[in-house]
Amino acid sequence: MIKKKILIVEDVINEQILYKEELEKEGFEVSCVSNGIEAIEFVEKNLCDLVILDLHMPKMDGIETLGKLLTKKRNLPIVIYTAYPQYREQFLTWAADAYLIKNSDIDLLKNKVKDILSEK
Amino acid sequence: MVKTIEEKCRLLNYQLYLLHTISKTIKETFNENRILNVILTGLTANGAIGLSRAAVFYYDRDKNIIYGRKGIGPFDNEEAYKIWSELSKKNISLEEYLSYNLEKELATQKFPQTIRKIVINLDELNEENYFKRVIKEKQIFHMYMDNKQASIYLPKEIETIFIPSEIVLLPLYSSKDIIGIIMADNAFHFHPIDESTLLLISLISIQTGIALENANNYNIVQKQLEELKELHSAMESMQEELVKKEKLSTIGKMASYFIHEIKNPLATAGGFVKRILESNDISSIHRDADIVLKEIKKLEQILNKFSNFTLLTPMKIEKISLLDIVKEILDTFELELSKKYIDVQIDIQQNISLKAEKVQLYEILFNLISNAIENMERGTIKISAEVENSLLKISVEDTGKGIPKENIPYVIEPFFSTKNEGLGLGLFIVSNLVESYGGKLEIESVEKKGTKVKIYFPIIN
């Protein structure tokens, strides 16, 4: 079986490590980038089945990145994973497949990712 | 005959001295009450002009009335004898006499008290009445009057104080118009009022008018000054109010950032702890625990920063010397500066000060100086201040590694940091604080050359 490919867009290294290793345990192939610009570059050059997107990042914030990613790949599933609940109200974030608030229980993220990918 | 001329000369000389002393005294004061005291005392002083009684009336043009303001002198023979015999015992000089505080005596004597109660309606007077004529013809009138004449030519309100004698009525002028009447008589002692005395009185009345006008102008200016002062303090408190409001909105903004930024390390630490609980591999447990520790340290840092962040403390704005606070901050970096061979140049004048909360100003300058030090190894930090377009410009310039061009727009964003340590909050806090004072922050930087951070404060006062 071909492993599904996940891109993590997150500027904090420790968070990258945590999500990457946890998702790898679930049998995904995981790559990490630290900002929106790198994320767009990545999806242009690589195959990718799902993006996990932080909102507060330097250089290009998550919302702008979300828009640009979807312009490039209209059907790319995106999970917003952020500490900030207030952007849920912003319609630009509605284009994402899920909006999750960061939590010490990684299972919530894992389950959401599995759900989305199994539907596809 | 020779003796008479000599006496006349002496008298004239004395009168000149008198005029000089009185005008000098009233020019030195802007107090209306004091001016009137000097004039009336001068007119009635024994051995000066020697009139028996004198009073000042003011003219109210709008209401067309004349009202008594102040009078000096005895009411009847008995009081006259008492006052004059007491005065002759004292043997005081004219200057002393003029500076004598009369208020207590005036409050108990009948003549001054009666004068104060007099209100004359000019509309009710006939055309021959001297009070009306002084106002209308602006002339001096001098005449002897008995009771019968007084009943015709003087207002009835004067009757109670009238004693058959020589009476002088003079107009009191300001530069624009007539403002009142001086009335004097020679009751009780009946020393004749001669030509030279009349001339002297008229000169004094001119001086009085000018002095009263000056006093009035002075009072107006004083009042306007008071109003300006009130306006100024109202503006100051309004400005403080604005700063406070700005501060509250900054608190809201900052709190939101802080609260949610705590969530990040918290979630990460929690995630790793969960892994530790599930793992059997000692080396990965070790690594994960290390990450948890780092995240907890980050949490601590955020919380420390937040509780140190003085936006939450009560507002206490004070005048702070810029040079003093800069020196205070540099003292805390002394060791680091010498370790890194950094030279500090200060170009701030001692008299430059600004109104701010000290802890906040400290936070601002501390962040700028600490950034400069962190970004360099050997070199110079230049701290200067100058006034530019009514703004106080403070700049901190280093010769450090500078900021890459593409990063410059992001350096004031929260949690932007190129350092491994640190939260990336320094410049964010600085720019928010500076903005809360209505100021702004500018950054110029060239990679490998250095960075110059300029902050502008509006000058209060």
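Values as computed for the structure displayed
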| quantity | calculated |
| --- | --- |
| Descending semi-axes in whole angstrom, ellipsoid equivalent of chain B, from the Cα gyration tensor | 87, 24, 19 |
| Magnitude of the charge dipole, chain B, Cβ model with Lys/Arg +1 and Asp/Glu -1, debye to 20 | 320 debye |
| Equivalent ellipsoid semi-axes - Cα gyration tensor, the stretch B:2-193, angstrom | 27, 19, 18 |
| Solvent accessible area, Å² - A:Tyr19, 1.4 Å probe, full protein context | 10 Å² |
| Over the protein assembly as shown: helical MRE at 222 nm, DSSP H runs n ≥ 4 each giving -39500 (n - 2.57), nearest 500 | -16500 deg cm²/dmol |
| In the stretch B:95-140, the trypsin sites (Lys or Arg not before Pro) that fall in loop regions by DSSP, at most 14 other Cβ within 10 Å | B:Lys138 |
| Size of charge dipole - the protein assembly as shown - debye, nearest 20, with Cβ of Lys, Arg +1 and Asp, Glu -1, no other charges | 260 debye |
| Inter-chain Cβ neighbour average for residues B:258-269, partner chain, 10 Å | 6 |
| Top positive-direction residue, dipole computed over the stretch B:2-193 with Cβ charges, set B:Gln109, B:Ile35, B:Ile66 | B:Ile35 |
| Under 5 Å, built H, 5+ apart or other chain: amide partners of B:Ala187 | B:Ser52, B:Arg53 |
| Ratio Rg/Rh [Cα only; Rh per Kirkwood] for the stretch B:1-45 | 1.18 |
| Dipole of chain B [Lys/Arg +1, Asp/Glu -1 at C-beta], most positive-end residue of B:Ile259, B:Asn351, B:Ile193 | B:Ile259 |
| Mean-position separation - Cα centroids, the stretch B:207-245 and the stretch A:88-120, in angstrom | 66 Å |
| Cross-link partners of B:Lys176 among lysines (Cα-Cα below 25 Å; sequence separation of 8 or more within a chain) | B:Lys24, B:Lys27, B:Lys63, B:Lys70, B:Lys132, B:Lys136, B:Lys138, B:Lys223 |
| Test item: A:8-18 mean partner chain Cβ contacts at 10 Å | 5 |
| Shape of the protein assembly as shown, Cα gyration tensor, a/c cut at 1.5 | prolate |
| Other protein chain Cβ atoms within 10 Å, averaged over every residue that makes up B:380-386 | 0 |
| The stretch A:37-93: trypsin sites (Lys or Arg not before Pro) falling in loop per DSSP and having at most 16 other Cβ within 10 Å | A:Lys73, A:Arg74 |
| Exceeding the 21 Å Cα-Cα cut-off - candidates B:Lys405/B:Lys454; B:Lys263/B:Lys401; A:Lys5/A:Lys45 | B:Lys263/B:Lys401 |
| Taking chain B and dividing mean pair separation by its residue count, relative contact order in percent (alpha carbons under 8 Å, at least six apart) | 10 percent |
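The values are calculated or read from the model by the stated rules, or taken from the named source; none is laboratory data. Values in this document were obtained by computation on a predicted structure and should not be read as measured data. When we count neighbours, we look across all protein chains shown, and the Cβ atoms used for this are built from the backbone with ideal geometry, even at glycine. Note: accessible area is taken over every heavy atom of the protein model, side chains too, but ligands, DNA and RNA are not part of it. Shrake-Rupley method; radii C 1.70, N 1.55, O 1.52, S 1.80 Å.
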